[in-house]
1. Most exposed first by the Cβ proxy, i.e. fewest other Cβ within 10 Å, how do Ile61, Ile21, Ile113 rank?
2. For the range 1-78, with only Lys/Arg (+1) and Asp/Glu (-1) charged at the beta-carbon, what is the dipole magnitude about the Cα centre, in debye rounded to 20?
3. Under 8 Å for C-alpha pairs, at least 6 residues apart: give me the relative contact order for the range 74-156, rounded to a whole percent.
4. For the range 4-87, which trypsin sites (Lys or Arg not before Pro) pass both filters: DSSP loop (anything but H, G, I, E, B) and at most 15 other C-beta atoms within 10 Å?
5. Using a 7 Å offset from the Cα along the Cα-to-Cβ direction at both Lys143 and Ile98, what is the distance between the two label points in nm, to one decimal?
6. Nearest 10 degrees, 0 to 90: what angle lies between the long axis of helix 132-148 and the longest principal axis of the chain (Cα atoms)?
7. With θ set to phi - 60° and the Karplus curve 6.51 cos²θ - 1.76 cosθ + 1.60, what are the ³J(HN,Hα) couplings of the range 13-24 in order, to the nearest whole Hz, using x for Gly and Pro?
8. Rounded to the nearest Å, what's the spacing between the alpha carbon centres of the range 95-136 and the range 15-41? Just the number, please.
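Readers should treat all values here as calculations from the given coordinates under stated rules, not as data from a laboratory. Keep in mind that what you see is a predicted model, and the values were worked out from it rather than measured. Glycine also receives a Cβ, built like all others from the backbone with ideal geometry; neighbour counts cover every protein chain displayed.
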Amino acid sequence: MKVRLALEEKGLDWSGQVIDIVGVQEQLEPWYVELNPKGVIPTLEVQNDTTEIVTDSASIIRFIASLPEGRSLLPTNNNNIELMEKLIDLADEVDLQILSYARHPSMENSGKILDTRIEKSLLLAEQYPELKSSYLVCTDRSKKSKTFRVNAKHIK
Ligand SMILES: N[C@@H](CCC(=O)N[C@@H](CS)C(=O)NCC(=O)O)C(=O)O
């Protein structure tokens, strides 16, 4: 969401593709993991003379703001730039997995979603040895989320 907002605010010519991370679990498809080795959304593909891939939402919005074209998204005074950087970091510290699976109506289904994710990434790790390390990172993340989503201390 924040990447789409930044693209729109900047006034760039962009198009988006929705990646279904719940039903299809498209973030685990090999074509996507090749772009984003952690197998998470979002990913930005920049097409100029060459194609550049940027991952991680905080890095992506900083990248968008740094582009010379379009509207400026940056505050003009240094104090506000400092504040902006702090706010981006603060938002980035939120554990999105916990926000999604522990404090959300999807909690009821999240055990099943995470189990499917673990199974799919283990299967693909065997089928695509060149992407194995990425798939094991995905497996590990989902296993941790399964534990953390019911850990009151972690949620707090
Ligand atoms: N720090 C990363 C976190 C990305 C992240 O965890 N994305 C979640 C959705 S909000 C995801 O793709 N989950 C799918 C999965 O864990 O398999 C960022 O901000 O880009």
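1. Values: Ile61 24, Ile21 16, Ile113 19.
With the sparsest Cβ surroundings first, the list reads Ile21, Ile113, Ile61.
2. It works out to roughly 400 debye.
3. Working: 47 pairs, mean separation 23.4, N = 83.
It rounds to 28 percent for the range 74-156.
4. Passing sites in the range 4-87 are Lys38, Arg71.
5. For the pair Lys143/Ile98, the computed spacing is 2.0 nm.
6. Helix 132-148 sits at roughly 80 degrees to that axis.
7. Karplus-based 3J(HN,Hα) across the range 13-24 equals 7, 9, 9, x, 10, 7, 9, 7, 8, 10, x, 6 Hz.
8. 12
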